[in-house]
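Peer 1: Handing you a structure now.
The values are calculated or read from the model by the stated rules, or taken from the named source; none is laboratory data. Because the structure is a prediction, the values reported are computed rather than measured. FYI the Cβ positions are ideal-geometry reconstructions off the backbone, even for glycines, and counts take in every protein chain you see. In case anyone asks, the SASA skips ligands and DNA or RNA and just uses the protein heavy atoms, side chains included. Shrake-Rupley method; radii C 1.70, N 1.55, O 1.52, S 1.80 Å.
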Amino acid sequence: MLNSETSPTTDCESDPAVNVQSTPIGKGVFADREFRAHDVIGWITGKIHDDPEYGSEYCIDIGGTATLEPDAPFRFLNHCCEPNSQFTWDELEEDSDAIPEVYLLALRDIEAGEQLTIDYNWAADCAIPCHCGAETCRGWIVTLDEIDQLPAKKQQAR
Ligand SMILES: [Zn+2]
C-alpha cells in the first residue's frame, strides 16, 4: 500500500548543497555533492545596500549603485584566480527598481567535497597578495582589468 502522507517539501533555494568548513585562510564553502558546469549551486540571500559608498569584504556589486552583502554560507566563499564558480544575476532593465536575484553558478564540473571558489575581482587599490595556488595565479587578489594599475610598490613585491 502506498503511503498517503505527503512528504515534506524540500526547499532547495534556502538549503543549498554546500557546507562551511575551516581552511588555512579562514572559513570556506565546500560542495556537498557533485555539480555539473552551469548548474545553479544556490541562490544568494543577503542584504542589499543601495549606496555607492558602501563597501565590505564580502559585498558583491550587482549593478547600478546596489551591492549585495551575502548571508552565510556564501559570504564565506574564498577567492581563487582559477575559480570553479561565479556569482551571476540576470541584468534588469536600466530604469527598473527591482533587485536582481543573485545565484552561484558552477563554471565547470565540481566534485563532492571540493572547495567552491570565486574570483573576487577586486579593484587594484584593494588588492592583497593571493596564495590560491592556481597555475595562473596573478599573485594578487585583483581584477584582471586592473592588474596593471597595482601601485608600484606592490608590483616590486611580486
Ligand atoms: Zn591567486
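Peer 1: Search segment 20-32 for residues that are open to solvent by 100 Å² or more (accessible area, probe 1.4 Å) and pair each with any residue that is not β-branched (Val, Ile, Thr) when their beta-carbon atoms are under 6 Å apart and the residues are at least 6 apart or on different chains.
Peer 2: Short answer, once both residue conditions are applied: LYS27/PHE76.
Peer 1: Give segment 103-127 a look and list any residue that's aliphatic (A, V, I, L, M), over 22 Å from SER22 (Cβ atoms), over 10 Å from the mean Cα position of the chain (by Cα) and not in a loop (DSSP other than H, G, I, E, B), or say none.
Peer 2: ALA106, ALA124
Peer 1: Does segment 151-158 contain any residue that is within 16 Å of the ligand (Cβ to nearest atom) and in contact (Cβ under 8 Å) with a residue 40 or more places away in the chain?
Peer 2: Scanning segment 151-158 turns up no residue that is within 16 Å of the ligand (Cβ to nearest atom) and in contact (Cβ under 8 Å) with a residue 40 or more places away in the chain.
Peer 1: Report, by residue number, each residue of segment 91-119 that is open to solvent by 50 Å² or more (accessible area, probe 1.4 Å) and in contact with a Pro (Cβ under 9 Å, 6 or more places away or on another chain).
Peer 2: GLU91, LEU92, LEU107, listed by residue number.
Peer 1: Report yes if SER56 is outside the structural domain of PRO151 (by TED's automatic domain parsing), exposed (fewer than 12 other Cβ atoms within 10 Å of the Cβ) and over 25 Å from ILE147 (Cα atoms), otherwise no.
Peer 2: no
Peer 1: Filtering segment 52-84 down to residues that are under 20 Å from SER22 (Cβ atoms) and charged (D, E, K, R), which residue is nearest to the ligand (Cβ to nearest atom)?
Peer 2: So, considering only residues that are under 20 Å from SER22 (Cβ atoms) and charged (D, E, K, R), the one nearest to the ligand (Cβ to nearest atom) is GLU57.
Peer 1: While we're here: Restricting attention to segment 138-145, does a residue exist that is assigned to a helix (DSSP H, G or I), of a type in the set (Lys, Arg) and either within 15 Å of the ligand (Cβ to nearest atom) or not assigned by TED's automatic domain parsing to the domain that holds LYS27 (or both)?
Peer 2: The answer is no; no qualifying residue exists.
Peer 1: Under 6 Å between Cβ atoms, at least 6 apart or on separate chains: pull out the pairs that start in segment 119-136 with a residue that is touching a residue at least 24 places away in the same chain (Cβ under 8 Å) and at negative phi and end on any residue that is open to solvent by 60 Å² or more (accessible area, probe 1.4 Å) and more than 12 Å from the ligand (Cβ to nearest atom).
Peer 2: If the second residue must be open to solvent by 60 Å² or more (accessible area, probe 1.4 Å) and more than 12 Å from the ligand (Cβ to nearest atom), the pairs left are ALA124/GLN149.
Peer 1: Limited to segment 123-137, what total is found for residues that are in contact with a Phe, Trp or Tyr (Cβ under 7 Å, 6 or more places away or on another chain) and either open to solvent by less than 40 Å² (accessible area, probe 1.4 Å) or within 7 Å of the ligand (Cβ to nearest atom) (or both)?
Peer 2: Residues meeting the conditions: 2.
Peer 1: Now for a different question. Could you please give the count of residues in segment 70-90 that are touching a Leu at 6+ places or on another chain (Cβ under 8 Å), in a loop (DSSP other than H, G, I, E, B) and open to solvent by 20 Å² or more (accessible area, probe 1.4 Å)?
Peer 2: Selection size over segment 70-90: 1.
Peer 1: Pairs only if they're at least six apart or on different chains, beta carbon under 7 angstrom, first in segment 57-83 and free of Cβ contacts under 8 Å to residues at least 40 places away in the same chain, second within 16 Å of the ligand (Cβ to nearest atom) and not acidic (Asp, Glu); list them, first residue then second.
Peer 2: Close Cβ pairs (under 7 Å, with a partner that is within 16 Å of the ligand (Cβ to nearest atom) and not acidic (Asp, Glu)) amount to PRO83/LEU107; PRO83/THR117; PRO83/ILE118.
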